[in-house]
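Worksheet: one structure, shown below.
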Amino acid sequence: MKKLLLTLLLTTSTLFAIIPQKNIKPTAKQMQLMDEIRKSYSEGFWAEKMKSRFETVKKYGNRSQEFLFPDTVFAPVLFGKYSDKTELHSVPAFQQLLFSGPNPTGTVTDFYKECSYNQLIMTGECLGWYKVPRTQDYYVKDGERNAGLSYGGRDFTIDLMIEADKTINYAKYVSKIDAEGAHVTLLATYHTGADAASGADNIWSHRWNIRDRLLTRKSQNDTLINKNRVLSNGKYITNDSLNGVRVIIDGDYCIQPELRGSNNSSGSMKPIGVLAHELGHIFGLPDLYDTDGTSGGIGNWCVMSGGSYGGDGSHEGTPAQFSAWCKEKLGWINPVNISSYIPSQPIQYVEKYPELYKFYPKGIVSGNEYFLVENRQKKGYDQYLLESGLLIWHIDNSISSNSNDSRRKVDLEQADGLRQLNTSTGRGDAGDPYPGSSGNKTFDGYSSPNSISYLNQQTYAGIRKISKSDTIMFASFDVGTRPYIVKINAELLEGDSSNSNGRVDAGEKGNLKLSIENIYPFSLTNSKIVITSPTTDMVIDTALLKISVGGLSIAESTYKNIVYVKPTATSGRKTLNISAESNEEVFRFTPTVMVGFPKFILLNADSLATENVGGRYENIVKTFGTDGELVTLTENLSSLSLKNRTVLVFFSGRKKSNIISEALGDSLIAFIKRGGNVFLSGQNIAEDFKQRNSTLSTRLIKSSFNANVMLGRTLYGIPSNGMGAILTQMTLGGYNATPNQTSPDELNVSAAAMPIFRWNDATTGGYGGVWYKDQTANGKLVFWSFGLEAIPDTVTDGTVTSSKAFSTVMGWFNGLVSSPDFTKNNLIPGKIELLNNYPNPFNPTTTIKFGIPIQGNVRIKIYDLLGRLVTTIANEEYNAGFHSVTFDATQFASGSYIYKLEAGNKSITKKMVLMK
């Protein structure tokens, strides 16, 4: 049954034609014909022979080498020229290129010897040139310009075979003798010109058979053939014999072009890649590229895909080796079945050593789905690979082809997790092998990519601790036959003698709660736990500790009063070194525990955790030289323990509605009134307040939403402002910036706050941030109407980095950055300024704030839209600095008004709306 299944799988494989060069696509009709070729493909002698070798190796394993001998193929390679064309290169030159050598990049013979570890000697004799009786247009047009995929390629092969029979002795190439006769089991043919797969108007290279076509032509009384030589099964009787036995051509063939490139009239000889690929089909292998053209298949990692053009897609004369699955199916390698845990397994490079490792689910040799692991290095024919390392293949022999990008017959688990071979037409990159450019050293059921089966079940296949790429690599192999601890979490809890404030503080003893997760089916029993602290802040009781956890389970255990926090310890996260021992391995982890209440609290309201904005803020805080406690926003505000904090940093990421609740806003206001410092950073906060008609615009951020900033994302610091003078220019987006800013806010700033930035124009741009200080408790608030995380970590244009921006805010909180108290009117602008009135719209009063650089008379006049003076609300001497006046519109009708500032010979006007 297994043999029958394998037969069906190889018979129903995808189109046996060469993958097109990049940017070349077959027509819809040609693709349809390719499907027809696939449907009618016959296995042939060599496919059956290689399948038999595979079954023998599978059955007898390494013992099979006692009775398996190298296969030798000696094929006639016929060179034919269309009746209206002539050749450019000689047959002896092709003999040297393909088989005899010397060829600087190696011959087809060399290629198959290397890939098969000398188990296949692929040779041939180049013969011709023979003129076929019809024109190129006949063979290529194929009825409708079908690139020879309908009948043209077969007719060319038939006509060439018959023409050659006049002069050559086919008996030299017999590989099988039976009651029917002596059989030539393979023909390789070459036509003049270039390849349709390279863009030429010519035959598309492919592998097929001529049997059906011969029978059709016989039935049509085709005069170019002797129908008496065509057997009822479509095989052809030559005019040659071997020891009195007639020589029969079975009809399996592969066809290739004379010339490289897309020009039928000029070019060098076609390199060996296309013949190496088509011979792979002769030996029973399917195409492993995506035949519907929607993705890259397995890319350049195999000669049966894009690797026929070289490991980098640019060296047809040095095709990439066969992939692991191909070598297994051809019986060249007997993979080692992994049935138990193996630590630090050496893996030799497969270009020289026939070494593969096979991972069935749970290590049980059964079914069609498994993983193969090989070590590919830039050696031999793999010298042009884009990267070296372990290739991990996901195999499903129940699938017939690689056209389904979600479930392929042979799929490469790309180490960088981007799946670009499945989602684009790229043909591989340095992120595909392990560790590769992504540095990925783990492949298991919880990694990315992972070893979950196509039925979404755990296979327990694990390849971990992958070493750096080398000719001998190392990795730990697993198939779920032992306990495997993937995680140990720790939590420090108050002990018997604590102050009951919810945390273990300096000078207290605490309990340690451990949570241990075992992701394999086998239990871990009475495991020895060793805990140490790399810091001097804590002392851990060294008494022996034990823990147990069942298979596929999480267990928790609390150890009483084993942690002592020294009186000199600072609040913050502390790292522990924890190890758990099994019979096979010591699992080591470094969880953290919280000691006391850090003065910094980072409040995460982001709605898209995958962007890890919280981690970004934690790293920024660390550059400031302190630790912050990252907390996810919940409705349980008491858990924030704001009474124990001095600085609260709030960020909202992509969140757009109900960002700061009324209750949280009230807590933040109370925190500021107690002397706390608040830094709010996020798009849509002001807009959300406006949409909710929340008074937090006035009470908390002292500014209101004016518009979204849709174009331009540069902020200019206001020079007269202490923070603005330091944060001169910031740009949202760029290297290492979080790309989450879709609609930052432009603000109207009230007289109770001070603007920091202007959007996109240093002089006239709308405001992008404010600050103010509580005059009683000295609590401070900084509000930025965009996300700090969108500012790059690294810049090259002299703009401000996110770390500098954050440290500037913290410096003001700590008194290290001087931002004058604008309520005392000692901030001097460089020119006259008229700020947006606040609120706007208003009813019935609004505040107008202005600034003048020198002492002088100031007039503020109100006009209606017709330009008529309504009232004058200021006309007096003012000192240099910022000032504010109130406009009471109780006696005026609803509508739009103009307010105008006049100072010296300068004036500025703005518009406001009275809405009753």
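Rule-based calculations on the coordinates, nothing more; no lab input. Note that the structure is a prediction, hence the values are computed from the model and not measured. Here Cβ is always computed from backbone atoms with ideal geometry, including for glycine, and neighbour counts include all displayed protein chains.
Points worth noting:
- Taking the empirical scaling 2.2 N^0.38 Å for compact globular proteins as reference, region 29-123 has a Cα radius of gyration ratio of 1.45.
- Debye intensity ratio I(q)/I(0), log10, region 142-282, q values 0.10 Å⁻¹ (C-alpha model): -0.35
- Model label points for GLN348 and THR610, set 7 angstrom from Cα along the Cα-to-Cβ axis, are 4.3 nm apart.
- Folded to 0 to 90 degrees: helix 44-60 orientation relative to the chain principal axis, Cα: 70 degrees
- Normalised Debye scattering of region 833-914 at q = 0.13, 0.15, 0.19, 0.27 Å⁻¹ gives log10 I(q)/I(0) of -0.36, -0.48, -0.77, -1.44, counting only Cα atoms as equal scatterers and leaving out solvent.
- Cα-based Rg of region 414-503 normalised by 2.2 N^0.38 Å, two decimals: 1.60
- Size of electric dipole in region 600-824: Cβ of Lys, Arg +1 and of Asp, Glu -1, about Cα centre, debye, nearest 20: 480 debye
- At most 11 other Cβ within 10 Å, DSSP loop - GluC sites (Glu not before Pro), region 115-199: GLU144
- Within the chain, helix-based [θ] at 222 nm, where runs of 4 or more DSSP H residues each add -39,500 (n - 2.57), nearest 500: -4500 deg cm²/dmol
- Counting all C-alpha pairs of region 224-321, share separated by more than 19 Å (%): 58 percent
- Cα-centre dipole for the chain with unit charges at Cβ (Lys and Arg positive, Asp and Glu negative), debye to 20: 1160 debye
- Note on region 571-659: percent of Cα-Cα distances in each 5 Å bin, starting at 0 and stopping at the bin with the largest distance, equals 3, 12, 19, 20, 17, 11, 8, 6, 3, 1, 0.
- Computed over the Cα atoms of region 155-226, pair by distinct pair, the Kirkwood hydrodynamic radius stands at 14.3 angstrom.
- Positive-pole candidate from ASN636, ILE672, THR714, dipole of region 600-824, charges at beta carbon: ILE672
- Kirkwood Rh (inverse of mean 1/r, distinct Cα pairs), region 600-824, angstrom: 17.1 Å
- For the residue pairs LYS51/LYS81; LYS690/LYS916; LYS218/LYS409; LYS599/LYS673; LYS172/LYS327, alpha carbon separations beyond 27 Å are given by LYS51/LYS81; LYS218/LYS409; LYS172/LYS327.
- Region 168-208: radius of gyration and largest Cα-Cα distance (Dmax), Å: 15.2, 45
- Radius of gyration, Dmax [region 393-437; alpha carbons; angstrom]: 10.7, 32
- Cα centroid separation - region 881-916 against region 425-501, whole Å: 65 Å
- Qualifying trypsin sites (Lys or Arg not before Pro) in region 147-196, DSSP loop, other Cβ atoms within 10 Å at most 15: LYS166
- Where only alpha carbons of region 546-622 are counted, the Rg and the Dmax (Å): 16.9, 44
- Calculated over the chain, the projected area of the Cα convex hull averaged across directions stands at 51.1 nm².
- Percent of alpha-carbon pairs separated by more than 21 Å within region 504-581: 33 percent
- Helix 613-623 axis, angle to the chain major axis (alpha carbon atoms, nearest 10°): 70 degrees
- Of the trypsin sites (Lys or Arg not before Pro) found in region 824-886, those that fall in a DSSP loop while having at most 13 other beta-carbon atoms within 10 Å are LYS831, ARG868.
- Set of lysines near LYS487 by C-alpha distance (under 23 Å), chain-local residues within fewer than 8 positions excluded: LYS362, LYS441, LYS465, LYS513, LYS528, LYS546, LYS560, LYS574
- Under Stokes-Einstein, with the Kirkwood radius over Cα pairs as Rh, the value for region 299-478 at 20 °C and 1.002 mPa s is 134 µm²/s.
- Debye, to nearest 20: dipole size of region 299-478, +1 on Lys, Arg Cβ, -1 on Asp, Glu Cβ: 260 debye
- For region 600-824, the residue among GLY614, LEU788, VAL770 whose Cα projects farthest onto the positive side of the dipole built from Cβ charges is VAL770.
- Looking at the chain, the DSSP beta bridges with both ends there are about 75 percent antiparallel.
- Dipole of the chain computed with +1 at Lys/Arg Cβ and -1 at Asp/Glu Cβ about the Cα centre; of PHE887, LEU186, LEU493, farthest Cα towards the positive end is PHE887.
- Descending principal axes extents, region 685-786, alpha-carbon based, whole Å: 41, 32, 27
- Angle in degrees between helix 662-673 and the longest Cα principal axis of the chain, rounded to the nearest 10: 60 degrees
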